[in-house]
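J.: I have a structure I would like to understand better, so I am pasting it below and will then ask my questions one at a time.
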Amino acid sequence: ILQITTLINHKDKPKRSDKTLQAIQRVGQAVNLAVGRFVTVGEAIANENHELKEEMSVACIEARRAGETIAQLTDVASLDHPESDSHITIFTDKTGVVKAARLLLSSVTKVLVLADRIVIKQIITSRNKVLATMEQLEKVSSFQEFVQIFSQFGNEMVEFAHLTGDRQNDLKDEKKKARMAASRAVLEKCTMMLLTASKTCLRHPDCESARINKDGVFHRMRLALEQVIEIVTDSRPNGENEMAPISIYSGIKEFKNKVEGLRENLYFLSKENLSTMLEVILEHTEDFTDSAYTSHEHREHILELSKQAKMELEQLVSVWMQAQNQKTKDLMEDLEVAILKTCQCMNELKREVHSAATSLAADLLKYHMDHMVLKALKITGVEGNLEAVAEYTCKLSEQKEQLVEMCRLLRHVSGTEPLEITCIHAEDTFQVTGPQIISAAETLALHPSSKIAKENLEVFCEAWESQLSDMSLLLREISDVFEGRRGEKRVYLSLPRPGKHNANLKALKPVKLDTEEQAKIAKLGLELHLLTSDVDSETEKWEDQENEIVQHAQGMSSMAYSMYLFTRGEGLLKTTQDLFHQAEIFATEGTKLASALHAFSDQVNDGDKPLLLLEAEKLISMCKQLQVTARASAQGKSATFTKVDACILKTRNVMTLLCQLLPLCCKLLRKNKPGNGCLKPAPPWKEDRIRTGTNTHTPERRVDAFGIKSSENHITHMTFFESK
């Protein structure tokens, strides 16, 4: 599209240099080659999907013809020769280029739409296979038959997971992407639950609690499958409109936009509209003030700020009405003051509810992280102690209510629609998993010697523990959004990729770690995760977040965190090639940090300088080793895994050194800046670097540093919260 736009916007000039003619010809050839590659893939897709073959073939032929026409019209390199005077070109027929461009864009769009229809059909067909096999699994009555059908079910679920995973990455609507991620997470976790719940039911066919347990899993999977199809086809059952949940954050954001809009236009909304918007926000704050888990201090502050918000709005409306009748300078100044005070009050309210929700979440997660109730249920179940199981199921129900309330409050302060949906998904998970754990524990208590009943309870407890762990990540994500530390990236994956028809696509075949490899590398990944937390803690101690050392360290920590997620089969790094690319960028960022340390060393005392330079040289050496490892070729599965292991190990070593460097720099900065401390903003050594143009910390640089050739990281990044 960019190349075609260049051609269309080309200005006719009387004098045409050889350079201009060659450039035009190169653009035309580039368009034709790109169209040729695109059409080759389209034709391969057509051969694999006979029902759309005719339409796809026609669109491909049109696109190829248009590309060739553009190449002919831009064949202008020989215009200076007399024999080419009769040759029709872009200079003699600009209209022809425009027509060819329109035909090309139209046919390319048609190919994309047809390919998209094929993807949707593939997902629906795959879902139907899964549903049909699920019905067979529900009715099965023998272990042998169950094993055979479940094997087929597993293969179908793998296919469905691949199709929906690629589709999830291609969704542009972040809200739909988050819903897709939530549904896929349910399906992934429920697959193992379905296995153990069904086996338990087969082993104990007369046990009511086992039947309830199994029915709950099947019901949840069907709902998740249905939601995936709703998202893919962009439809709702019975034509229902989806009601988006309203959060305090989104309400405050919209309210502030309306208030600030009064600066430009005093008449674009009524005072009743503004009052209604505030009433809705304050109604939602009652979720906090009415909650038994909100502290007295937070409750009082929220009530005070709610009262203040009403008063500020009354004052704003009063001045606003006067300004509508008489636009004097004094009144407009008063209006500006009222707008600022109203927005400031809403910001304080937002900060207070955020503090209330996140502090509650942190306390609850810390309190329940020992999983004492789950451990007690397992022990008492094996003992067959029905009374004790009943006692601990009550405690689990109480815990469930606390966690559900926590999710509801976090949703109000999540800050983005994807995170709101993740909170809703977490709430649903606790609501559903709690009763399933109870029914599994009751089954074990009734059959204490049953190994399968014990295994079944373990699976449901693991799902609960996993969701608690995910809540810690979610809490961190919400805090990042609140503090403005989030970015997002995109990679397109889901268009049909007929690799067997196109040799050029073989090089792009993604390689992923399998479950066994993820298990092997999990310990190393966890160490990396802990180191990122340590580095984040150190950087947060610096008041000057624009300090060059801090910014490089934050960038490296974010990249290391994405590499940790890769070891879990989560996050934005989908293939080993993504990981190696990320490792290279990480090493480059480390080298830049070393340069910043060298510049900083010029500002410290001679006695401290050797230590700092020694650490900087260590960092350079480690980063070079990591770059060499990341760039080395690896053929075969074993060699690739060895390379992955080496990259993560070397990244861990760099992060370990970084944990030592940051407090050292802070200490030296304090020592060499008496009276200012290590939190002094904008030290002179950084200013010098900015003046010489070596500071690369622009927004563009920070996006590139994360090493994925696309935009938008989140969501989010909702794969972030999927447990594989």
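J.: Take the eigenvalues of the Cα gyration tensor for segment 336-387, scale each by 5, and report the square roots as semi-axes in whole Å, largest first.
T.: They are 49, 9, 4 Å, listed from largest to smallest.
J.: Please give the charge dipole size of segment 111-173, origin at the Cα centre, charges +1 on K and R Cβ atoms and -1 on D and E Cβ atoms. Round to the nearest 20 debye.
T.: Here segment 111-173 has a charge dipole of around 160 debye.
J.: My understanding is that a pair violates if its Cα-Cα distance is over 24 Å; which of 199/637; 177/253; 177/350; 177/574; 592/667 do that in this structure?
T.: 199/637; 177/350, as the Cα separations exceed 24 Å there.
J.: In what order, largest first, do 446, 21 sit by accessible area if the probe radius is 1.4 Å?
T.: Largest accessible area first, the list is 446, 21.
J.: Keeping every protein chain present and rolling a 1.4 Å probe, give me the accessible area per residue for segment 248-360 in Å².
T.: About 55 Å² of surface per residue is accessible.
J.: If you take the charge dipole of segment 515-670 about its Cα centre, with +1 on Lys and Arg Cβ and -1 on Asp and Glu Cβ, which of 668, 588, 610 is farthest toward its positive end?
T.: 588
J.: Per the Cauchy relation, a quarter of the hull surface: what is the mean projected area of the convex hull of the alpha carbons in segment 99-161, in nm²?
T.: Averaged projected hull area, Cα only: 4.6 nm².
J.: Mind checking which aspartates and glutamates have their C-alpha under 17 Å from residue 643, skipping anything on the same chain fewer than 8 residues away?
T.: 514, 516, 517, 578, 584
J.: Among 429, 5, what's the order by accessible area (1.4 angstrom probe), most exposed first?
T.: 5, 429
J.: Largest first, how would 206, 330, 480 line up by accessible area (1.4 Å probe)?
T.: Per-residue accessible area, sorted high to low, gives 206, 330, 480.
J.: Starting with the highest mean, order 436-442, 354-360 by the number of other Cβ atoms within 10 Å, averaged over the residues of each peptide.
T.: Top to bottom by mean Cβ count within 10 Å: 436-442, 354-360.
J.: Rounded to whole Hz and in sequence order, give me ³J(HN,Hα) for segment 584-595 from the Karplus expression 6.51 cos²θ - 1.76 cosθ + 1.60, θ = phi - 60°, writing x for Gly and Pro.
T.: Those phi angles translate into 4, 5, 4, 5, 4, 5, x, 5, 5, 5, 4, 4 Hz.
J.: State to the nearest 20 debye the size of the charge dipole of segment 515-670 about its Cα centre, where the only charges are +1 on K and R beta carbons and -1 on D and E beta carbons.
T.: For this selection, approximately 680 debye.
J.: Sticking with this structure for a sec: How do 421-427, 38-44, 611-617 rank on mean C-beta neighbours within 10 Å, highest first?
T.: 421-427, 38-44, 611-617
J.: Then there's this: Whenever you get a sec, compute what percent of the accessible area on segment 515-670 sits on carbon and sulfur atoms (1.4 Å probe). Don't skip to the end; give the middle numbers.
T.: Working: 3370 of 6340 Å².
Carbon and sulfur: 53 percent of the exposed surface of segment 515-670.
J.: Which is farthest toward the positive dipole end of segment 515-670 among 639, 569, 525, measuring Cα position about the Cα centre, with Cβ charges +1 (Lys, Arg) and -1 (Asp, Glu)?
T.: It is 639, whose Cα lies furthest towards the positive end.
J.: On to the next question. When the convex hull of the Cα atoms of segment 248-360 is projected onto a plane and the area is averaged over all directions, what value comes out in nm²? Walk me through the numbers before you get to the answer.
T.: Numbers: hull surface 26.2 nm².
So the mean shadow area of the Cα hull is 6.6 nm².
J.: What are the ³J(HN,Hα) values, in whole Hz, obtained from phi via the Karplus relation 6.51 cos²θ - 1.76 cosθ + 1.60 with θ = phi - 60°, for each residue of segment 468-479 in sequence order, with x given for Gly and Pro?
T.: Once θ is set to phi - 60°, the couplings for segment 468-479 become 4, 5, 4, 5, 5, 5, 4, 4, 5, 4, 5, 5 Hz.
J.: For segment 126-233, compute Rg over Rh where Rg is the Cα radius of gyration and Rh is the Kirkwood radius from the inverse mean 1/r over Cα pairs.
T.: So for segment 126-233, dividing Rg by the Kirkwood Rh gives 1.02.
J.: I need the Kirkwood Rh of segment 515-670: take the reciprocal of the average 1/r across all distinct C-alpha pairs and report it in angstrom.
T.: It works out to 15.9 Å.
J.: So with the 1.4 Å probe, I'd like the accessible area per residue for segment 515-670, rounded to whole Å².
T.: Per residue, segment 515-670 has 41 Å² of solvent-accessible surface.
J.: Using the crude model of +1 on Lys and Arg Cβ and -1 on Asp and Glu Cβ, and no other charge, please compute the dipole size for segment 126-233 relative to its Cα centre, in debye to 20.
T.: So the magnitude is around 240 debye.
J.: Going highest first, how would you order 250-263, 140-153 by mean Cβ packing within 10 Å?
T.: 250-263, 140-153
The values are calculated or read from the model by the stated rules, or taken from the named source; none is laboratory data. Remember, it's a predicted structure, so these values are computed and weren't measured experimentally. Here the Cβ is made from the backbone with ideal geometry for all residues, glycine too, and neighbour counts use every protein chain on show. Areas reflect the complete protein model, heavy atoms only, side chains present, ligands, DNA and RNA absent. Shrake-Rupley method; radii C 1.70, N 1.55, O 1.52, S 1.80 Å.
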